[in-house]
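Scroll down for the structure; my scribbles are underneath it.
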Amino acid sequence: MRYQKPKGTADILPGDTEKWRFVEDTARKLFKTYQYREIRTPMFENFEVFSRTSGDTSDIVTKEMYDFKDKGDRHISLRPEGTAGVVRAFVENKLYGPEYNKPYKVYYMGPMYRYERPQSGRLREFHQIGVEAFGSDSPVLDVEVISMAINLFKKLGLSDLRLTLNSLGDKTSRDNYRAALIEYLEPHFEELSEESKVRLHKNPLRVLDSKEEQDQQFVADAPSILDYLTDDAKAHFEQVKQQLDLLGIDYVVDSTMVRGLDYYNHTIFEVMTQSKSLGHGYTTICAGGRYNGLVEELGGPEVSGVGFGLGIERLLLLLQDEQVSMPNDDDLDVFVVGIGEAANAMTLKVVQAIRAKGFSSDRDYLDRKPKGQFKIADRLNAKYTLTIGESELESKTAHLKKMASGEEITVTLEEVQQDFQSIIESKFSNKK
RNA sequence: GCGGUAUUGGUGAAGUUUGGUUAACACACCGGAUUGUGGUUCCGGCAUGCGUGGGUUCGAGUCCCACAUACCGCCCCA
């Protein structure tokens with residue numbers, strides 16, 4: 001094996017691509033019903049697009065960015081997530097303009113890149129499906145986005161998921177809470193993990209996210225952000241919860257849930273699963289939230305946004321683990337068995353004619369004997385085989401066999417090319 | 001970025017403890033079993049090579065070193 005794919009990448013082969021399309025098609029159909037339209041943005045952007053939006057202290061920017069200088073000495077980064085690029089496009093194309101309906105609702109799906117140690121379901125090149133909605137502060141929009149995520153999982157056949165909810169409030173809420181949190185943690189500084197010591201002043205909220213056992217005791221008794229929400233922020237969160245209740249969507253509030261990316265505020269949510277395929281306990285399969293202020297951060301007007309993203313690789317692992325049946329596209333209508341050199345041309349003609357009518361059809365290309373060809377037809381799961389040999393050429397007929405029942409009938413070469421549909425509908429005795 | 005485990009045909013793999021000369025077995029695949037008909041059965045074929053590169057040795061798939069990749073854990077997250 002001379003060449004191998006770059007570390008952390010994967011070839012998605014026939015057999016898997018059908019599953020990918022099933023997921024993508026399901027998402028597209030669902031998003032359509034919510035009136036979200038597809039947007040495609042570049043796979044790479046100026047480094048600053050991500051560093052500005054994700055936060056300088058975020059792990060994505062500090063160690064996971066796949067960045068490089070191009071030949072024009074531009075600092076480029078492969079996108080580590082979808083939101084920043086969409087926001088940049090939103091601003092650059094002035095999609096906030098009066099001629100566009102608000103909220104402006106889009107979805108995307110495609111590859112993302114993070115430079116990190118690969119593990120199952122976590123590659124350097126991975127794929128996300130995400131949605132973003134710009135231009136409304138209404139809690140209804142938060143709820144719509146959440147319900148869309150939940151419905152997507154439902155459509156895919158997944159239940160047993162947990163929706164976790166929290167609010168980070170607005171800037172004032174966050175500043176107040178930040179101060180309170182530092183005040184609470186400061187006395188315990190020496191007892192915190194190394195990691196958390198660093199975070200305490202840079203981004204204290206993320207101490208709450210620590211998995212270190214020594215931090216857990218402090219996290220448990222830490223002040224709750226929900227107690228520091230301003231009246232506005234509180235009202236927003238209350239309405240989100242009320243409307244989720246109204247829709248019958250279950251959730252749990254986890255006041256210690258935070259985000260790796262700095263741009264979130266107000267409602268944040270995660271869809272979690274207990275499936276062992278992604279690790280023990282509850283793990284996150286989909287994450288989203290509100291990011292008011294992000295559009296301004298990238299030079300746009302004061303327009304709010306809300307969205308979510310989910311990883312396709314992880315989702316597929318989950319679907320496989322939960323044994324959700326997925327369609328496979330490899331069915332074959334007719335395999336045309338040609339016998340002898342004389343039948344070669346007619347075989348080609350018939351295959352083409354049947355294809356032209358919209359049926360899938362295939363034939364032998366390796367000069368296999370009839371027995372071999374039938375074997376192939378069987379392996380390809382052909383519904384019918386059509387046999388053409390010298391005697392058939394002479395009588396201008398062919399033998400059409402229904403593989404499931406073994407029933408074989410004689411048809412003319414003319415009709416099989418002209419109207420395959422009505423042959424299979426009417427000429428077999430035990431139709432189904 | 002750190003730690004652990006692994007890497008043998010198209011696939012699953014045995015063999016690595018005790019270095020020794022034909023790399024087991026199975027599946028898949030290909031060919032054949034009265035000259036033109038499938039899922040069973042039988043027979044035959046199928047790795048000059050054991051991730052890559054060095055080294056130790058009379059001799060290495062088996063020992064040592066480096067590198068690559070995969071998986072698991074940390075970190076973090078999708």
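The values are calculated or read from the model by the stated rules, or taken from the named source; none is laboratory data. Fair warning: this is a prediction, and the values are worked out from it, not measured in the lab. Counting neighbours? That spans all protein chains shown, and the Cβs are built from the backbone with ideal geometry, glycine included. Calculation scope for accessible area: heavy atoms of the full protein, side chains included, ligands and nucleic acids excluded. Shrake-Rupley method; radii C 1.70, N 1.55, O 1.52, S 1.80 Å.
Candidates are the residues of segment A:120-136 that are within 18 Å of A:GLN35 (Cα to Cα) and not small (Gly, Ala, Ser); the one that is surrounded by the most Cβ atoms within 10 Å (Cβ to Cβ) is A:VAL131. The strands (runs of 3 or more DSSP E) located wholly in segment A:363-429 that include 2 or more residues which are more than 6 Å from RNA strand B (Cβ to nearest atom) and open to solvent by 50 Å² or more (accessible area, probe 1.4 Å) occupy A:408-412. Picking from residues in segment A:333-342 that are farther than 12 Å from A:LEU386 by Cα and in contact (Cβ under 8 Å) with a residue 12 or more places away in the chain, the one that is farthest from RNA strand B (Cβ to nearest atom) is A:ALA342. Checked against (1) modelled with pLDDT under 90; (2) closer than 27 Å to A:GLN320 by Cβ; (3) in a helix (DSSP H, G or I), A:LYS19 passes all but a single condition, namely (1). The residue pairs whose first member lies in segment A:355-372 and is over 17 Å from A:THR387 (Cβ atoms), whose second member is outside any loop (DSSP other than H, G, I, E, B) and more than 7 Å from RNA strand B (Cβ to nearest atom), and whose beta carbons are closer than 8 Å, counting only pairs six or more residues apart or on different chains, are A:ARG355/A:SER361; A:LYS357/A:PHE420; A:LYS357/A:GLN421; A:SER360/A:LEU332; A:SER360/A:ASP333; A:SER360/A:VAL334. Evaluation of A:ALA345 against the conditions (1) within 44 Å of the chain's Cα centre (by Cα); (2) among the hydrophobic types (A, V, I, L, M, F, W, C); (3) away from RNA strand B (no atom under 13 Å from the Cβ) shows that the sole unmet condition is (1).
Per the listing A:ALA10, A:ALA89, A:ALA27, the residue uniquely surrounded by 12 or more Cβ atoms within 10 Å (Cβ to Cβ) and under 22 Å from A:GLY293 (Cα atoms) is A:ALA89.
One line per residue, one yes/no per condition, for (1) in contact with a His (Cβ under 9 Å, 6 or more places away or on another chain); (2) assigned to a loop (DSSP other than H, G, I, E, B); (3) not aromatic (Phe, Trp, Tyr):
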{"position": "A:ARG259", "(1), (2), (3)": "no, yes, yes"}
{"position": "A:TYR263", "(1), (2), (3)": "no, yes, no"}
{"position": "A:HIS266", "(1), (2), (3)": "yes, no, yes"}
{"position": "A:PHE308", "(1), (2), (3)": "no, no, no"}
{"position": "A:ASP329", "(1), (2), (3)": "no, yes, yes"}
{"position": "A:VAL334", "(1), (2), (3)": "no, no, yes"}
{"position": "A:VAL337", "(1), (2), (3)": "yes, no, yes"}
{"position": "A:MET346", "(1), (2), (3)": "no, no, yes"}
{"position": "A:GLN352", "(1), (2), (3)": "no, no, yes"}
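I'm told A:ARG117 meets every condition in (1) within 13 Å of A:GLY307 (Cβ to Cβ); (2) over 20 Å from the mean Cα position of the chain (by Cα); (3) within 16 Å of RNA strand B (Cβ to nearest atom) except one. Can you identify the failing condition by its number? Failing condition for A:ARG117: (1).
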